[in-house]
Amino acid sequence: MISVTRKSHFNAAHRLHNNEWSDEKNNNFYGLCNNKNYHGHNYDLEVTVKGEIDPESGYLVDMKVLSNIIEENICKKFDHKNLNLDTTEFKNLIPTAENIAVVIWNILREKIDKKLKLSIKLFETPRNFVEYSG
Ligand code: NI
């Protein structure tokens, strides 16, 4: 098995807030990410596919195809958006890095060849990232 990774990037705003909790509990728990007027992150995304090299082409995956899938379905969708207000995915889902990673994985899984294993890493800051592989 071999893996190939494509890096990409988007900027987005969010607010972490659980409507079931008091403002005080939200503020204590989420801290700065609970700021009521939102705040932004520079998200870095690494999409990794894994499988067997196609002996005919020598490729695991065509990087141009993979990068277009990510650009069209993730970056265009989320870049320069307020995740809470501008997207349907996070109308009722708190846009934590964990939940964003799951949403991205689910979107990409539909678009990428099923014979390839898919995992993603989403960096919310250079030091904080989450990984999801289904
Ligand atoms: Ni935040």
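The values are calculated or read from the model by the stated rules, or taken from the named source; none is laboratory data. Fair warning: this is a prediction, and the values are worked out from it, not measured in the lab. As a convention, Cβ positions derive from the backbone with ideal geometry for all residues, glycine included, and neighbour counts pool all protein chains shown. Protein only, heavy atoms only, side chains kept; ligands, DNA and RNA dropped before computing areas. Shrake-Rupley method; radii C 1.70, N 1.55, O 1.52, S 1.80 Å.
Quick check on my filter: what residues within the stretch 9-32 are assigned to a helix (DSSP H, G or I) and surrounded by 18 or more Cβ atoms within 10 Å (Cβ to Cβ)?
Going through the stretch 9-32, the residues assigned to a helix (DSSP H, G or I) turn out to be 23-32.
If the condition is that a residue be assigned to a helix (DSSP H, G or I) and surrounded by 18 or more Cβ atoms within 10 Å (Cβ to Cβ), then Asn26 is the only one that fits.
Answer with yes or no whether Lys77 is free of Cβ contacts under 8 Å to residues at least 60 places away in the same chain and not β-branched (Val, Ile, Thr). Walk me through it before giving the result.
Working: free of Cβ contacts under 8 Å to residues at least 60 places away in the same chain: yes; not β-branched (Val, Ile, Thr): yes.
So Lys77 passes the test.
Which condition number does Glu56 fail, the rest of (1) acidic (Asp, Glu); (2) open to solvent by less than 70 Å² (accessible area, probe 1.4 Å); (3) over 30 Å from Asn35 (Cβ atoms) being met?
(2)
Go through the stretch 1-32 and count every residue that is basic (Lys, Arg) and either within 16 Å of the ligand (Cβ to nearest atom) or in contact with a Ser or Thr (Cβ under 6 Å, 6 or more places away or on another chain) (or both).
Taking the stretch 1-32 first, the residues basic (Lys, Arg) are 6-7, 15, 25.
Of the ones still in play, those that are also either within 16 Å of the ligand (Cβ to nearest atom) or in contact with a Ser or Thr (Cβ under 6 Å, 6 or more places away or on another chain) (or both) are 6, 15.
Of the residues in the stretch 1-32, 2 are basic (Lys, Arg) and either within 16 Å of the ligand (Cβ to nearest atom) or in contact with a Ser or Thr (Cβ under 6 Å, 6 or more places away or on another chain) (or both).
Which pairs do you get when a residue that is closer than 16 Å to Thr96 by Cα and touching a residue at least 40 places away in the same chain (Cβ under 8 Å), found in the stretch 5-26, comes within reach of a residue that is among the acidic types (Asp, Glu) and away from the ligand (no atom under 13 Å from the Cβ), reach meaning Cβ atoms under 8 angstrom, with the pair 6+ apart or on two chains?
Every condition considered, the pairs that remain are Phe10/Asp79; Asn11/Asp79; Ala12/Asp79.
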